[in-house]
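*Asks:* One structure coming up, written as structure tokens, with questions to follow.
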Ligand code: GLN
């Protein structure tokens, strides 16, 4: 196996034993990028020179000895909506095509504190709006498992680089499934931590009450390593929670004995491809054979989740995206406008893609006088009911297991003309964001060579339970990816 295909956990061990160098790993990743990018196109920006510089610095630190953080010398890719000082951060939008942030997102700083190596900024759906990475001003990304298919979205670039060996691990964001669904489609591991676990400072906002940053990686161990690095309170994000973070690696040592796993009955109904259902049920039986206790539970408001999500997400997006006005942020096409309205109009019409415009209009409508109570307020009430469903279910079980996506990775172009079809793909992922609970995706096999993802959903701030169940499954089933 080439260095670029190994897990961060394993590489970190080899680095400390001085059996390999950070430069060797980085060179292996960069040459893989050169080989794969013409087809996969998962990066918007590759920072090769910076990566080699950082790798050499990591090698020096390792040579000096002392206390070496676990991500020292590990090549990581960052979704192009996390601010990186001095490195273009575009959100895959024309409107931010020239934006070079003057500061780092907190997550980026925390990775730097661990001496991680930055390989580049990954492709995504524009402003994280989408489920296929086809809504990108930078062009689409292909799924490394099958290049005729989508890698999922919106963190499709982050999932694809990990699956293709173009990075060892990656950071993404998840507002309604954008880490878990691409992880599922590319056959890797992805986690959306509890809302408040990871700082959103420097994350370009889509829907602020739902957005959360998290890792995409090759193994559950890597997920714990990355989570250790990025989580924790940040005084610059008022929604980040001041709770002690455990050492997430320790949750990997426990077995599955007596873990009570709930199957939400509303998640196993029509609309799911039968091959997906079969794979997920196989995984459930496997968990049961290995000591877990399976119980059926009910999340009765599940049928309202997609509608609720698309009202709240678009409302918040319309407000968040008002700042791209060609004055404070965004490209200004020319300087000789008749008046300021004409300038706004042209900048926003040219700068935003169609899906982003659709959502701004939807969200503006939802928030407008006369419709606010009927849509926005009602969606907030539905959100409370959905959150209560989870609270009640967690009185009976320790975690829930569900599919990630109702379908296998679909063909490029298959759903672009039908936004509603695309929205419905999010049926199993949006509820965790509405409820603020942690959720993760691990691979549970393939159907005709296409990966199927298993979702584990947990209580607020109980990422340890997710890691325990996911690692137990991965270790016992022998599944690497
Ligand atoms: N597919 C969902 C949407 O388009 C989720 C996106 C996300 O999590 N960023 O809004």
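*Asks:* So for 17, 192, 279, fewest C-beta neighbours within 10 Å to most, what's the order?
*Replies:* On the way: 17 9, 192 35, 279 22.
Least crowded to most crowded, the residues run 17, 279, 192.
*Asks:* Sort out for me the Cα centre separation of segment 71-130 from segment 432-469, rounded to whole Å.
*Replies:* So the two Cα centres are separated by 24 Å.
*Asks:* Also, I was wondering about something else. Which whole-number value in Å³ per residue fits the convex hull of the alpha carbons of the chain?
*Replies:* Spread over its residues, the Cα hull of the chain gives 139 Å³ apiece.
*Asks:* What is the order of 226, 385, fewest Cβ neighbours within 10 Å to most? Provide the component values of the computation, followed by the final result.
*Replies:* Details: 226 30, 385 14.
So the residues, fewest neighbours to most, are 385, 226.
*Asks:* Two decimals is fine: what's Rg over Rh for segment 316-424, C-alpha atoms, Kirkwood radius as Rh? Please report the intermediate quantities before stating the final value.
*Replies:* Values: Rg = 19.8 Å, Rh = 17.8 Å.
Ratio of gyration radius to Kirkwood radius: 1.11.
*Asks:* Can I ask one more? Sorted from largest down, what three extents in whole angstroms do the Cα atoms of segment 7-54 have along their principal axes?
*Replies:* Here the Cα extents, ordered largest to smallest, are 35, 21, 14 Å.
*Asks:* Over all alpha-carbon pairs in segment 194-327, figure out the percentage whose distance exceeds 20 Å. Walk me through the intermediate numbers first.
*Replies:* Numbers: 5984 of 8911 pairs.
That tail contains 67 percent of the Cα-Cα pairs.
*Asks:* For segment 393-481, just say rounded, prolate or oblate: build the C-alpha gyration tensor, square-root its eigenvalues into a ≥ b ≥ c, call rounded for a/c under 1.5, and beyond that prolate if a/b exceeds b/c, oblate if not. Each step should come with its number before you reach the end.
*Replies:* Values: a/c = 3.09, a/b = 1.32, b/c = 2.33.
Oblate shape, in that a/c is at least 1.5 and b/c is the bigger or equal ratio.
*Asks:* Could I ask something else about it? What is the gain in length, in nm to one decimal, between residue 273 and residue 391 on full extension, counting 0.36 nm per residue of separation less the C-alpha to C-alpha distance?
*Replies:* Working: separation 118, 0.36 × 118 = 42.48 nm, distance 2.84 nm.
Here the answer is 39.6 nm.
*Asks:* So how compact is segment 429-481: Cα radius of gyration and Dmax in angstrom?
*Replies:* Rg and Dmax of segment 429-481, Cα atoms, are 12.2, 36 Å.
*Asks:* Can you tell me the Rg and the Dmax, both Å, for the Cα atoms in segment 269-366?
*Replies:* According to the Cα coordinates of segment 269-366, Rg and Dmax are 22.9, 71 Å.
*Asks:* Label points 7 Å out from Cα along the Cβ direction at residue 39 and residue 358: separation in nm?
*Replies:* 3.0 nm
*Asks:* Another question, then. May I ask for the Kirkwood hydrodynamic radius of segment 51-152, worked out over all distinct Cα pairs and given in angstroms to one decimal?
*Replies:* Kirkwood radius, segment 51-152: 15.0 Å.
*Asks:* Which value does Rg/Rh take for segment 177-267 over its C-alpha atoms, Rh per Kirkwood?
*Replies:* On the way: Rg = 14.6 Å, Rh = 14.7 Å.
Reported Rg/Rh (Cα atoms, Kirkwood Rh): 0.99.
*Asks:* Additional query: Within the P(r) computed for segment 246-291, what percentage of the Cα pairs occupies the region above 13 Å?
*Replies:* Numbers: 691 of 1035 pairs.
That fraction is 67 percent.
*Asks:* What is the distance in Å between the Cα centroid of segment 234-271 and that of segment 1-65?
*Replies:* 30 Å
*Asks:* Related question: Quick check on packing: order 42-48, 129-135, 406-412, 218-224 by the mean number of other C-beta atoms within 10 Å, highest mean leading. Don't jump to the answer; show the numbers that get you there.
*Replies:* Working: 42-48: 22.3, 129-135: 28.6, 406-412: 19.4, 218-224: 26.1.
Packing order, densest peptide first, comes out as 129-135, 218-224, 42-48, 406-412.
*Asks:* Which percentage, to the nearest 5, of the DSSP beta bridges contained in the chain is antiparallel?
*Replies:* Details: 30 of 45 bridges.
The answer is about 65 percent antiparallel.
*Asks:* What number in nm² do you get for segment 83-203 if you take the convex hull of its Cα atoms and divide its surface by four?
*Replies:* Details: hull surface 28.1 nm².
Hull-based average projected area comes out at 7.0 nm².
*Asks:* Arrange the following residues from fewest to most other Cβ atoms within 10 Å of their Cβ: 91, 4, 217. Walk me through the numbers before you get to the answer.
*Replies:* On the way: 91 28, 4 23, 217 31.
The fewest-first ordering by Cβ neighbours comes to 4, 91, 217.
*Asks:* Further question: Over the C-alpha atoms of segment 118-270, what are the Rg and the largest Cα-to-Cα span, Dmax, in Å?
*Replies:* Using the Cα atoms of segment 118-270, the pair Rg, Dmax is 16.0, 48 Å.
Each reported figure results from applying straightforward, stated rules to the coordinates on display, with no laboratory input. Owing to the predicted nature of the structure, the values given are computational and were not obtained by experimental measurement. Heads up, the Cβs are rebuilt from the backbone with ideal geometry, glycines too, and the neighbour counts pull from every protein chain shown.
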